[in-house]
Amino acid sequence: MEKWRRYRDGEMPVFSVIPEKQEAELLENEQLCDFGRLRCELKDDPHRPIYHFVRPDGSLNDPNGLCFWEGRWHLFYQALDPCIHWGHAVSDDMVYWRDLPYAIAPSIENHCFSGGTCVDTENHRVIAAYYGYTGYTGFNTDDGYRCGVVIATSSDPLLLNWTKVNDGNPVIPDRDAPCWTAPDAPPVKDQKPYQVFDSYIWKEDGVYYLLTGGYTPDPVTGRRFRQMHLFKCTDDGLTSWEFVKHFLEHDRFRDMGDDGACPYFVPIGDDKRALLHFSHRCVPKYLIGEYNKESHDFVPFSGGRFTSGYEVMVAPSAFPCPDNSIAVIFNMMEQLPHNGWNGIMTLPRRMALGGHWNDELCQTPFGDMSVLHKDHREMSCISLTEGKKLSLDGICGNAFEMKLSLKYENIPQTLEIEVLCSPDGEETTKITFFRHMGGMYAILPYSTDSVIMLDATRSSLDPRFTPLPPETSSVVMQEGDDLNIRIFVDKSIVEVFVNDRHCVNMRAYPTRTDSNGVALLARGTDGVVDKLDFWEMRSIYSCEE
């Protein structure tokens, strides 16, 4: 096992390119045998999810290169071993995930950091562009400076075999400055007009484009703000790249101290583009705007955060879908140490434009989660008396999906939903919907702003648990809209989707075995939950069934 943890590029196994032979070779693969054993060894950890993707063991960081290739979804991720590799999993439906061997290992570089993939249909291949990094503290090595964008390609059915172009050397070197500095660090002397890290690659009108994360200093304060950098290549060999421009020259949504890590620039809607990325201030963000393909100007008209706070959710990985929506997945941070593993992925999401002017970013689960349902329980016409908590008998668990539907006229002023709660309330995770009260915005008949809040500050009695502030999201509802809430609880993660548009999520770490109850409470006014559906969820891993 220690051998494959330290794989170098030349030590990676070479697989057949015939599907049937690949499957036979995977049965004998040493790394996959270890993966299966390690999953079984960790399956009884009370906080380890069973239907969110989690690495077989060890630490998982950024998702990378989410893509759809020959009928399957491929997810790559940073496997944080002594040498950082691209881990690999595959799915037919974005629900069940199957482990595959490491996809990309270091060669000249010491670590394979974040990047994206492009499905190049003209040349029948998948192209991965990532940041190759020599170390954490220094960039000068005995054989020279080895830092920059590395490109690898694969074309076999399961994307098991990868070949690095340019002999593994960076195709876009970054020789003048570190790839990352502290948010308030001064600019580096004689620095190139760009930095190179965390790359996304795509092909458009026969030309390859590559966007790298970056930042630029403010001319007045010297503090940095996000500034991605655009390159292009007309060579199918992918070795000759030309710097085009600073990509965010019209960024009116910028924040001081930001950078543009893990960028994904993808079509959304009929003619818009979305730029998803991560700020090392620990907030994933997005911009939506117009893109001029001739001048390469991207002018965002809206932007925001995927979380309201910090250190909740980290990097995105995204892939454009034929219906002009986007498949997206994020990784989530831990607030509690675990034995043998660390870090998980969110449920994959489908993002599309919607809302009153069809310019609001809407989020829903991507996969059909009903394939995991078992033991369905249903309740109808649940009357809620203002100020009186109602514990739901027979509705309990720590790995489930729950749907609540309320007609417009039955929504109370405030609706509280407690999950993972102990009978005495000592441990609980609370979801609260605040219905808009009117006020000065009551003159606008087409929508009202409500709020969904997820509070995990009392989710755990473990003294090592460091709670984060509650997560909140504005919920835009048109007059007369019903309320539909989908709640996914999976051991130590809670994800809440509202009206197929808004999402909040957090980690929760209950310690008591009886912290599995569900309760409802109306405040301000009475309310009625017209329908509640509850399903326990199956594991997506065979050793846990």
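The values are calculated or read from the model by the stated rules, or taken from the named source; none is laboratory data. Computed from a predicted structure; not experimentally measured. Please note: Cβ atoms are built from the backbone with ideal geometry, for glycine as well, and neighbour counts cover all protein chains shown. Side chains are part of the model used for accessible areas, which takes the heavy atoms of the whole protein and leaves out ligands, DNA and RNA. Shrake-Rupley method; radii C 1.70, N 1.55, O 1.52, S 1.80 Å.
Filter segment 350-397 down to the residues that are charged (D, E, K, R) and out of contact with any Asp or Glu (no Cβ under 6 Å at 6 or more places or on another chain) and list them by number.
Arg350, Asp359, Glu360, Asp368, Arg377, Lys388, Lys389, Asp393
Among what's in segment 413-450 and is modelled with pLDDT under 95 and in a strand (DSSP E or B), pick the residue that is surrounded by the fewest Cβ atoms within 10 Å (Cβ to Cβ).
Asp449
Just to check your reading of the model, which residue among Ile487, Ile395 is in a strand (DSSP E or B), under 15 Å from Asp514 (Cα atoms) and either more than 21 Å from the chain's Cα centre (by Cα) or modelled with pLDDT of 95 or more (or both)?
After applying the criteria, what remains is Ile395.
Considering every residue within segment 47-61, establish whether at least one is within 30 Å of Ile493 (Cα to Cα), surrounded by 15 or more Cβ atoms within 10 Å (Cβ to Cβ) and out of contact with any strand residue (DSSP E or B) (no Cβ under 8 Å at 6 or more places or on another chain).
yes
Any chance segment 21-28 includes a residue that's touching a residue at least 60 places away in the same chain (Cβ under 8 Å) and basic (Lys, Arg)?
no
How many residues does segment 490-509 contain that are part of a strand (DSSP E or B) and either touching a Phe, Trp or Tyr at 6+ places or on another chain (Cβ under 6 Å) or β-branched (Val, Ile, Thr) (or both)?
Residues meeting the conditions: 8.
Take the residues in segment 398-412 that are farther than 16 Å from Ile487 by Cα and crowded, with 18+ Cβ neighbours inside 10 Å, then tell me which one is farthest from the chain's Cα centre (by Cα).
Per the criteria, the residue is Asn410.
Consider segment 462-498. How many of its residues are open to solvent by 40 Å² or more (accessible area, probe 1.4 Å) and among the charged types (D, E, K, R)?
Residues meeting the conditions: 5.
Looking at segment 499-545, which of its residues are open to solvent by less than 50 Å² (accessible area, probe 1.4 Å) and among the small types (Gly, Ala, Ser)?
Result: Ala508, Ser515, Gly517, Ala519, Ala522, Gly524, Gly527, Ser539.
Kindly indicate which of Leu248, Leu276 is outside any strand (DSSP E or B), surrounded by 15 or more Cβ atoms within 10 Å (Cβ to Cβ) and either touching a residue at least 40 places away in the same chain (Cβ under 8 Å) or of a type outside the set (Phe, Trp, Tyr) (or both).
Residue meeting the stated conditions: Leu248.
To keep it simple, each residue is scored yes or no on (1) more than 12 Å from the chain's Cα centre (by Cα); (2) within 18 Å of Cys67 (Cβ to Cβ); (3) of a type outside the set (Val, Ile, Thr); (4) buried (at least 16 other Cβ atoms within 10 Å of the Cβ).
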| residue | (1), (2), (3), (4) |
| --- | --- |
| Arg305 | yes, no, yes, yes |
| Phe319 | no, yes, yes, yes |
| Ser325 | yes, yes, yes, yes |
| Leu336 | yes, no, yes, yes |
| Trp341 | yes, no, yes, yes |
| Met345 | no, yes, yes, yes |
| Trp357 | yes, no, yes, no |
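Is segment 223-239 home to any residue that is within 25 Å of Pro267 (Cβ to Cβ), hydroxyl-bearing (Ser, Thr, Tyr) and modelled with pLDDT under 90?
no
Within segment 8-50, can you find the residues that are in a loop (DSSP other than H, G, I, E, B) and more than 26 Å from the chain's Cα centre (by Cα)?
Arg8, Met12, Pro13, Val14, Phe15, Ser16, Val17, Ile18, Glu28, Asn29
So in segment 359-392, with the set limited to residues that are over 31 Å from the mean Cα position of the chain (by Cα) and among the hydrophobic types (A, V, I, L, M, F, W, C), which one is nearest to Ser91 (Cα to Cα)?
Checking each candidate, the answer is Met379.
Have a look at Asp270, Asp258, Asp236 and point out the one that is assigned to a loop (DSSP other than H, G, I, E, B) and open to solvent by less than 40 Å² (accessible area, probe 1.4 Å).
After applying the criteria, what remains is Asp258.
Just to be sure I understand the filter: pairs with C-beta atoms under 6 Å, separated by 6 or more residues or on different chains, first member in segment 45-56 and in contact (Cβ under 8 Å) with a residue 60 or more places away in the chain, second member surrounded by 23 or more Cβ atoms within 10 Å (Cβ to Cβ) and of a type in the set (S, T, N, Q). Which pairs pass?
Filtered contacts from segment 45-56: His47/Ser492.
Is it the case that some residue within segment 70-83 is in a strand (DSSP E or B), modelled with pLDDT of 95 or more and open to solvent by 10 Å² or more (accessible area, probe 1.4 Å)?
Among the residues of segment 70-83, at least one is in a strand (DSSP E or B), modelled with pLDDT of 95 or more and open to solvent by 10 Å² or more (accessible area, probe 1.4 Å), which makes the answer yes.
Which of the residues belonging to segment 292-303 are over 19 Å from Cys503 (Cα atoms) and surrounded by fewer than 18 Cβ atoms within 10 Å (Cβ to Cβ)?
Within segment 292-303, Asn292, Lys293, Glu294, Ser295, His296, Asp297, Val299, Phe301 meet the criteria.
Output the residues belonging to segment 218-231 that are open to solvent by 70 Å² or more (accessible area, probe 1.4 Å) and basic (Lys, Arg).
The one that is open to solvent by 70 Å² or more (accessible area, probe 1.4 Å) and basic (Lys, Arg): Arg223.
If Val283 passes every condition in (1) under 15 Å from the mean Cα position of the chain (by Cα); (2) touching a residue at least 40 places away in the same chain (Cβ under 8 Å) but one, which one does it miss?
Checking Val283 against (1) under 15 Å from the mean Cα position of the chain (by Cα); (2) touching a residue at least 40 places away in the same chain (Cβ under 8 Å), the one that fails is (2).
Return the pairs, sorted by first residue and then second, in which the second residue is among the charged types (D, E, K, R) and surrounded by fewer than 18 Cβ atoms within 10 Å (Cβ to Cβ), the first residue lies in segment 103-123 and is under 23 Å from Pro322 (Cβ atoms), the beta carbons are less than 7 Å apart, and the residues are 6+ apart or on different chains.
Once the first residue is under 23 Å from Pro322 (Cβ atoms) and sits in segment 103-123, its partners that are among the charged types (D, E, K, R) and surrounded by fewer than 18 Cβ atoms within 10 Å (Cβ to Cβ) give Cys118/Lys203; Asp120/Lys203; Asn123/Asp236.
What are the residues in segment 510-545 that are under 24 Å from Tyr96 (Cα atoms) and either assigned to a loop (DSSP other than H, G, I, E, B) or at pLDDT 95 or above (or both), if any?
Listed by number, the residues that qualify are Asp533, Phe534, Trp535, Glu536, Met537, Arg538, Ser539, Ile540, Tyr541, Glu545.
In segment 84-122, how many residues are part of a loop (DSSP other than H, G, I, E, B) and open to solvent by less than 10 Å² (accessible area, probe 1.4 Å)?
Going through segment 84-122 one residue at a time, the tally reaches 5.
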